[in-house]
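None of the figures in this text is laboratory data; all of them are computed from the coordinates on show. Note that this is a predicted model, so its numbers are computed, not measured. Neighbour counts run over all protein chains shown; Cβ positions are idealised from the backbone, glycine included.
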């Protein structure tokens with residue numbers, strides 16, 4: 001531990017800038033002599049740092065036989081340090097991981113096996129997802145402010161836009177709008193929540209798990225389950241608002257970066273750039289006092305084409321409609337006949353069997369149509385009777401060509417007979 005502390009102190013710029021403060025003895029407020037050994041001074045500073053961290057409760061030492069002293073972190077300190085390390089490394093979460101985890105936990109087979117654990121973990125991941133989206137939103141805002149306040153050169157604008165923004169924002173934002181599009185997962189998750197809310201057995205099992213984990217009675221545990229389901233739905237219902245805000249801020253950053261880059265590159269050659277330079281100087285109170293009047297831009301002439309920009313109304317987010325609670329079997333019975341081909345070969349053959357009955361053949365006029373649907377069926381009947389692959393055949397009448405057509409109302413059809421084919425043994 002002391003070796004690690006020495007290495008960190010030696011490599012820290014604080015060691016060069018505030019050495020006297022670090023090596024001063026803890027009891028006496030005086031600095032040691034300049035000719036003291038460098039290694040001894042460093043070792044003393046490391047020892048005091050370790051002692052200070054131990055006394056403040058960050059870690060403790062315990063003795064283990066066969067090993068010696070072992071350093072252990074307290075539970076709260078380990079969690080705090082983990083958060084500090086992730087912040088220091090600027091670790092970016094993967095939104096796809098959150099959404100995929102929630103959808104996987106709410107799958108019917110997974111949820112039925114462990115409903116309590118699945119619901120609790122899904123809620124935690126949903127809260128983490130929304131929190132990280134809000135952090136992404138804040139990072140875009142911070143990048144825009146740095147662009148406005150600190151980037152004074154074209155190189156500074158490019159560094160902020162291509163380096164920092166790409167690392168902290170654009171990688172996550174790109175995934176959010178493409179392969180990790182949250183709307184792809186949102187509908188599936190909300191529909192699955194509908195199914196869970198109708199599954200009383202799974203809700204009872206989840207309530208029992210909540211009661212065991214939290215020491216609650218059944219009624220309070222059931223309330224916790226209902227509250228977590230409501231919280232999950234609320235988080236995904238608010239996703240459109242959060243993502244719309246992210247889109248707007250990202251568009252603003254792109255616009256600010258482009259305008260500032262154009263201004264910095266062309267400020268010496270265009271009147272617009274000169275005016276922007278003047279406005280910036282006045283805004284920073286870095287220009288001499290100038291007496292000038294600013295007038296509102298009105299119509300300059302009859303042919304003036306300037307039109308003031310209009311703000312488009314943003315579309316309102318619409319909640320997803322919940323799935324109907326109708327019986328799936330009844331819906332299948334109702335819809336299936338509509339999906340089948342109404343004039344398939346088997347259906348036409350069944351119609352011909354009913355028409356012929358016990359007879360071997362009959363005139364096509366007996367199937368004369370009364371409606372458009374029956375006329376279309378008659379067309380299929382003739383076609384199936386001519387291709388040689390049906391249980392019946394159609395034979396045209398041998399009368400003169402002028403008399404080979406029958407009519408029934410407005411419908412005309414060929415004159416002939418439908419003959420049942422002999423069945424194969």
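General remarks:
- Residues 375, 98, sorted so that the one with the fewest Cβ neighbours within 10 Å comes first: 375, 98
- Cα gyration tensor, the stretch 316-413 - rounded (a/c under 1.5), prolate or oblate: prolate
- Residues 67, 117, arranged from fewest to most other Cβ atoms within 10 angstrom of their Cβ, appear as 67, 117.
- Ranking of 343, 253 by count of other Cβ atoms within 10 Å, fewest first: 343, 253
- Chain lengthening between residue 145 and residue 74 when straightened (0.36 nm per residue, less Cα-Cα): 21.7 nm
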